[in-house]
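Here's the structure, in structure tokens; my notes come after.
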Amino acid sequence: MRIADAQVVVTSPGRNFVTLKLTTDEGITGLGDATLNGRELAVVSYLTDHVVPLLTGLDPHRIEDTWQYLYRGAYWRRGPVTMAAIAAVDVALWDIKAKAAGLPLYQLLGGASRDRLATYGHANGRDIPELLDSVRQRLAEGYPAVRIQTGIPGLKAVYGVHTTDEQGERVLHQQIRPLVEDWDTDAYLRHTPAVFEAVRAEFGAGIPLLHDAHHRLTPIQAARLGKDLEPYRPFWLEDCTPAENQEALRLVRRHTTTPLALGEVFNTVYDYQTLITEQLIDYVRSAVTHFGGVTPLRKLFDFAAQYQIKSAIHGPEDISPVGMAAAVHLGFAVHNFGIQEYSGHNALTEEVFRHAYTFTDGFLHPGEAPGIGVELDEKLAAAHPYEQTYLPVNRLRDGTVHDW
Ligand code: GCO
Ligand code: MG
């Protein structure tokens, strides 16, 4: 079998998604997600200009070899654009191999290690009462764990909380210029323990609660927050410091027993070396889509398993159902699965990408369709073309740019 055709499909059924579709000379197709939120077209160019011309004629069964060929062959290693492009090829090849075998992908990864995958959903509110309603809703939907984010008194817009316009309509992240949010670390550090206290008082001690600090704290601020949250026993504190500096987590770890999750902006195992070998985190957060695919993420999970660190694959709405399907199959197969982030996609996206994975009462299952189990409706995709978009940026009260 040989790869006969490779196409890059860009669609925006509510937000942009980039998908690689490979077709073999035997007519088997494979899909891979290459979506890099806010920088989508860079990956499209990387794929169409530099990768697609190399693919035709290759044996699709040689997944490891193709991965190494694209990674080492580029000479310029790592980086989100490169690794998203390689991820799309890798997942499309796994899709083809599993379809050729007539098996769902998880079977090729060692088979099921569990019956279903526990997820966490996002709850948010501009203030605490609104957050409590949102938590109630997630619990009613069956989510076994909930991430809690709120607005901060005095700040008009912060990460994780839907922004609404004067008519009360949700303002989406899609903007022709980045939306400017504002930030005040002191206000955040004062407010967040009170948020946990309110949620625990309302819903009790039993519900796993997560929180995302979105890279905004210094190590000592993160240590303080971790310590202040300890009485409320968070399931994890996510991305407490900017991810580039692995050593920062030594300081955080020294001061708190709050479990730490990190890595959604990482794209190779090297970003994790210190974090894993020194046991500075508890969950690895990388997405299949941004980490070079199933092949390297599986290796990362096996490495992390030696240190009792678990998986928590990044699963925001900007990972397409193709990337989500790959995540569900991988999570189903590895022993050290931790939890899967899952918010689902809008109805139109679910039509563009029909998928075999199911979400029932807060738990995911990959389904039994051969491959990753996703079908792309290319006509519908074409009817919703790319839209220029940016993620927001953050500024402090004095106007200084801060980590978003
Ligand atoms: C998460 C993430 C996302 C990112 C988004 C950027 O924990 O799910 O922090 O919300 O901000 O994926 O594109
Ligand atoms: Mg996050």
Alpha-carbon centroid distance for the pair region 202-218 / region 52-97, whole angstrom:
36
Projected-area average for region 64-120 over all orientations - Cα convex hull basis, square nanometres
5.5
At a 1.4 Å probe radius, carbon and sulfur cover how many percent of the accessible area of region 137-279?
50
Please build a GNM for the chain, connecting alpha carbons under 10 Å apart, and tell me which residue among I319, I86, I63 fluctuates the most.
I63
Viscosity 0.692 mPa s, temperature 37 °C, Stokes-Einstein D of region 108-369 from Kirkwood C-alpha radius, µm²/s
173
Is any helix in the chain, taking whole DSSP H runs, at least 20 angstrom long along its axis by alpha carbon and on average at least -1.0 on the Kyte-Doolittle scale, and which ones?
80-101, 185-203
Sequence-distant residues sharing a close amide H with N394 (under 5 Å, placed H):
E181, H402, W404
Are there GluC sites (Glu not before Pro) in region 360-404 that DSSP marks as loop and that have at most 10 other Cβ atoms within 10 Å, and which are they?
none
Using θ = phi - 60° and the Karplus form 6.51 cos²θ - 1.76 cosθ + 1.60, what ³J(HN,Hα) does each residue of region 47-58 get, whole Hz, x for Gly and Pro?
5, 5, 7, 10, 9, 3, x, 8, 7, 4, x, 6
Rounded to the nearest percent, how much of the accessible area of region 3-103 (1.4 Å probe, protein heavy atoms only) is carbon and sulfur?
54
Do the sum for the chain: with -39,500 (n - 2.57) for every DSSP H run of n ≥ 4, divided by all residues, what is the mean residue ellipticity at 222 nm, to the nearest 500 deg cm²/dmol?
-10000 deg cm²/dmol
Two-site label geometry, A74 and Q273: point separation in nm, points 7 Å out along Cα→Cβ
1.9
GluC sites (Glu not before Pro) restricted to region 188-259 and DSSP loop, no more than 13 other C-beta within 10 Å:
E244, E247
Tell me, what ³J(HN,Hα) does each residue in region 274-288 have, in order and in whole Hz, if you take phi through Karplus 6.51 cos²θ - 1.76 cosθ + 1.60 with θ = phi - 60° and put x for Gly and Pro?
5, 4, 7, 5, 9, 6, 8, 9, 10, 9, 9, 10, 5, 8, 3
Just the number, please: percent antiparallel of the DSSP beta bridges in the chain, rounded to the nearest 5.
50
Taking Cα pairs under 8 Å and at least six residues apart, what relative contact order does the chain come out at, in percent?
22
Binned at 5 Å starting from 0, the alpha-carbon pair-distance distribution of region 1-156 in whole percents comes out as 2, 8, 14, 14, 13, 13, 12, 9, 7, 5, 2, 1, 0
Pop a pseudo-label 7 angstrom from the Cα along the beta-carbon direction at both D49 and D186 and give the gap in nm to one decimal.
4.7
Springs between alpha-carbon atoms under 10 Å, Gaussian network over the chain: tell me which of R62, R233, R253 tops the mean-square fluctuations.
R62
Whole-Å distance linking the alpha carbon centroid of region 104-142 with that of region 22-43 is 27
Return a single number: how many Lys pairs in the chain, at a sequence separation of 8 or more or on separate chains, have alpha-carbon atoms below 26 angstrom apart.
10
Count the DSSP beta bridges whose two residues both fall in region 238-379, then state the antiparallel fraction as a percent rounded to the nearest 5.
50
Could you provide, to the nearest whole Å², the per residue accessible area of the chain with probe 1.4 Å?
41
Give me the net charge for the shell around F363: Cβ to Cβ below 13 angstrom, other residues only, Lys and Arg +1, Asp and Glu -1.
-1
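The values are calculated or read from the model by the stated rules, or taken from the named source; none is laboratory data. The model shown is predicted, which means the values in this text are computed figures rather than measured ones. Here the Cβ is made from the backbone with ideal geometry for all residues, glycine too, and neighbour counts use every protein chain on show. When the accessible area is computed, the model is the full protein with side chains, heavy atoms only, and any ligands, DNA or RNA have been set aside. Shrake-Rupley method; radii C 1.70, N 1.55, O 1.52, S 1.80 Å.
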